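Contents: one structure, followed by commentary.
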Amino acid sequence: MENKRKALIIGATGLVGNELLHRLLDCDVYDKVTALVRRPTGISDSKLHEKVIDFDEMGLVVDEFAVDDVFCCLGTTIKKAGSQEAFRKVDYDYPLKAAELAKSKGASQYLVVSAVGADPTTKVFYSRVKGELESALIKLQFDSLHLMHPSLLLGDRDEFRTAEALSGYLSPVVSPLLRGRLAKFRPIQAEDVAAAMLQIAADGERGTNIYEWPELQEAARRRA
Ligand SMILES: NC(=O)c1ccc[n+]([C@@H]2O[C@H](COP(=O)([O-])OP(=O)(O)OC[C@H]3O[C@@H](n4cnc5c(N)ncnc54)[C@H](OP(=O)(O)O)[C@@H]3O)[C@@H](O)[C@H]2O)c1
């Protein structure tokens, strides 16, 4: 019988991450799923190995990174973090540190939720941080690096975010107008991003790959 893989997820209590965690636990690709969290997920599952950690001290749990595939769904907003520096810690420092630890332990695939427009040279702070993270991840030379580039995420979250709420209402009207090269800006359901990530990991395409709205939808459809 084919050996099953081991996954590690960070950001498992978030909108995309929580959806993805359920999918990782329910699928037959993985026999062990490690979730590093700063607060418990509340999920109990025989496949789940959950560890509450201080993300500033990720190096202390380096052995947890001895897995095949790492899924990074971490993120914050500048408003929530309180400063650009605090935002950068969550959206750059932690994902990169996790990638370095995973690489040192032999992980072959790293999948991360970045954002459409990620670009290390842009003046837009958010997109620049995402782009800088991608550049740093590419240098680590994973067998497979998968960069998710969603536009606005749709889904039910506890916290109210004005832009997301507005785009949720407008999405049925706006999305069909975003065609061709603009299709990448279509809002996307967080559950579709999660489904796509699982499918992409299962596919195991090598090299560095970027997934915008059309590719995310295509992969999510294959997982459905
Ligand atoms: N929202 C959008 O429209 C949008 C669009 C494009 C790209 N993205 C990107 O997509 C990714 C996922 O977004 P999302 O909306 O699913 O995220 P989310 O719901 O805000 O979840 C973020 C996750 O990161 C964790 N986290 C935040 N700050 C942390 C810290 N200081 N230490 C440890 N963990 C921390 C959260 O843990 P807690 O639950 O403990 O807070 C949660 O698990 C993010 O990188 C985001 O930038 C978002």
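The values are calculated or read from the model by the stated rules, or taken from the named source; none is laboratory data. The model shown is predicted, which means the values in this text are computed figures rather than measured ones. Positions of Cβ are generated from backbone atoms using ideal geometry, with glycine treated the same way; all protein chains shown enter the neighbour counts. Each accessible area value is taken on the protein alone, full model and side chains, heavy atoms only, with ligands, DNA and RNA left out. Shrake-Rupley method; radii C 1.70, N 1.55, O 1.52, S 1.80 Å.
Each residue in region 20-64 was checked for being within 8 Å of the ligand (Cβ to nearest atom) and either closer than 22 Å to Asp203 by Cβ or part of a loop (DSSP other than H, G, I, E, B) (or both), and 2 pass.
Just one of (1) open to solvent by 80 Å² or more (accessible area, probe 1.4 Å); (2) touching a His at 6+ places or on another chain (Cβ under 8 Å) fails for Met197. It is (1).
Residues that are in contact (Cβ under 8 Å) with a residue 60 or more places away in the chain and within 23 Å of Ser108 (Cα to Cα) number at least 3 in the following helices (runs of 4 or more DSSP H) confined to region 138-224: 190-203.
Number of residues in region 65-91 that are surrounded by 18 or more Cβ atoms within 10 Å (Cβ to Cβ) and within 12 Å of the ligand (Cβ to nearest atom): the value is 9.
A Cβ distance below 6 Å, combined with a sequence gap of six or more or placement on separate chains, defines the contacts here; from region 1-28, residues that are open to solvent by less than 50 Å² (accessible area, probe 1.4 Å) reach residues that are among the basic types (Lys, Arg) in the pairs Leu15/Arg157; Leu25/Lys47.
From the list Ser144, Ser135, Ser171, the one residue that fits, being under 21 Å from Ala195 (Cα atoms) and either surrounded by fewer than 17 Cβ atoms within 10 Å (Cβ to Cβ) or within 14 Å of the ligand (Cβ to nearest atom) (or both), is Ser171.
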